[in-house]
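All of the numbers you see were taken from the coordinates with simple rules; none came from a lab. Note that the structure is a prediction, hence the values are computed from the model and not measured. Cβ coordinates were reconstructed from backbone atoms using ideal geometry, including for glycine residues, and neighbour counts include every protein chain displayed.
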Amino acid sequence: EEWQDRGAAVGVRQETGPDGKPVTRYIKKGVRDFSFGQTLGEGSYSTVVLATDRQTLNEYAIKILDKRHIIKEKKVKYVNIEKDTLNRLTDHPGIVRLYYTFQDERSLYFVLDLCKGGELLGVLKRMSTFDEECTRFYGAQILDTIDYMHRRGVIHRDLKPENILLDDQMHTKVTDFGTAKILKGKRRPDDSQNGMPPIDTGDVPGEERASSFVGTAEYVSPELLTDKSACKASDLWAFGCIIFQLLAGRPPFKAANEYLTFQKIVNLEYEFPSGFPAVGRDLVERLLVLDPTRRLPMEHIKNHEFFRGVTWGRGLWKQKAPRLK
Ligand SMILES: Nc1ncnc2c1ncn2[C@@H]1O[C@H](COP(=O)(O)OP(=O)(O)OP(=O)(O)O)[C@@H](O)[C@H]1O
Ligand SMILES: O=C(O)[C@@H]1CCC(=O)N(CCc2ccc(Cl)cc2)[C@H]1c1ccccc1Cl
């Protein structure tokens, strides 16, 4: 009873131990350890508030979920999925980091990286379109992050410019993992001897496809609409839509309502605006392919002419973001 009043609770923090394996640290973090500031935004089941850790003065975004509302809306499953996927994706600069979770009698709290740059969608709307250099930089960061997620056996399933946030260096941070899918796939005989994490190829037959409908109309893949299942390539379809949208200023499939949008997707009905760069067009045409098995695979996308000159891996994240013009 006593701890509930103080709002102090055991905060769980996932870290990578000295042996490279994930270790769970139990840190007593609670509401009292933070001073809460302005509201950064509202979701359907959440409020995100700016908060400062009283001890370290570090700033965070704390996502607060009302338990009664979550239960009423039957979203408990999503809360657990978001926590489990974020706890699995702890070691990449392109993912919004989850530092602690705690609760009090009324709410659940997720202490997250603060993304002061807001949503990529907002920046795109202000710019109307990105030039090739900016699209290459932001596209490369998003792709590097998708590659990391997939290697860790996670399919995001709802990638879109609203779910790509920007930090104070204008580097991307993917968020919103409540509708992600964790592939159980068995571990391949891993090459962890050389320190590489075991790659989860999701190669258990049938396991690499996930069912249960999710996603946002404009970015939903055709396979999700035709046989209700998503796979890693579904995230690459969404990636193709995002590259198109950065260069064109609008998503490829957009109609008056969701049903008409879905029709355009399954019929691959979209047009490039005049002036769309040819190299970008070639990349998009190899991603927006109806058959997921014929979509350009990750390594080929990285080697595509559009990304010529990009240094993949950690170097990509040390670069200064190009000035948006
Ligand atoms: N880490 C963060 N840093 C800064 N702002 C954030 C952060 N996470 C979310 N926000 C902002 O807070 C708002 C609510 O985000 P949240 O993830 O709670 O809901 P949502 O996913 O946007 O909405 P819904 O749950 O309906 O999909 C969003 O507009 C988002 O831009
Ligand atoms: O899984 C965990 O880390 C703990 C385990 C102990 C616990 O009680 N919770 C909260 C479980 C829960 C989930 C949803 C609602 Cl609406 C209410 C309680 C979990 C929790 C605590 C804080 C934030 C999120 C979650 Cl899922």
(Q) Among the residues of the range 85-106, what is the count of those that are assigned to a strand (DSSP E or B), surrounded by fewer than 20 Cβ atoms within 10 Å (Cβ to Cβ) and among the hydroxyl-bearing types (S, T, Y)? (A) 0
(Q) Looking at the range 69-106 only, could you name the residues that are over 21 Å from V174 (Cβ atoms), of a type outside the set (F, W, Y), near ligand 2 (Cβ under 9 Å from one of its atoms) and touching a residue at least 24 places away in the same chain (Cβ under 8 Å)? (A) H69, I70, Q103
Q.
Report every pair of residues separated by at least 6 positions or lying on different chains whose Cβ atoms are under 7 Å apart, first residue within the range 288-307 and in a loop (DSSP other than H, G, I, E, B), second among the charged types (D, E, K, R).
A. V289/R295; L296/R286
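Away from ligand 2 (no atom under 14 Å from the Cβ), assigned to a strand (DSSP E or B) and farther than 20 Å from M149 by Cα: which single residue out of V12, V49 fits that description?
Working: V12 fails: away from ligand 2 (no atom under 14 Å from the Cβ).
Result: V49 is the single residue among V12, V49 that is away from ligand 2 (no atom under 14 Å from the Cβ), assigned to a strand (DSSP E or B) and farther than 20 Å from M149 by Cα.
Quick one: is G37 loosely packed, with under 13 Cβ neighbours inside 10 Å, out of contact with any strand residue (DSSP E or B) (no Cβ under 7 Å at 6 or more places or on another chain) and under 20 Å from G118 (Cα atoms)?
Values: loosely packed, with under 13 Cβ neighbours inside 10 Å: yes; out of contact with any strand residue (DSSP E or B) (no Cβ under 7 Å at 6 or more places or on another chain): no; under 20 Å from G118 (Cα atoms): yes.
Spelling it out, it is not the case that G37 is loosely packed, with under 13 Cβ neighbours inside 10 Å, out of contact with any strand residue (DSSP E or B) (no Cβ under 7 Å at 6 or more places or on another chain) and under 20 Å from G118 (Cα atoms).
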Q) Among the residues of the range 246-264, is there at least one that is over 23 Å from E162 (Cα atoms), without any contact (Cβ under 8 Å) to a residue 24 or more places away in the chain and of a type in the set (A, V, I, L, M, F, W, C)? A) no
Q: Would you please name the residue that is nearest to Y148 (Cα to Cα), looking only at residues in the range 94-118 that are more than 9 Å from ligand 1 (Cβ to nearest atom) and among the small types (G, A, S)?
A: G94
Q. How about the range 8-38: which of its residues are in contact with a Leu (Cβ under 8 Å, 6 or more places away or on another chain) and polar (S, T, N, Q)?
A. Q14, Q38
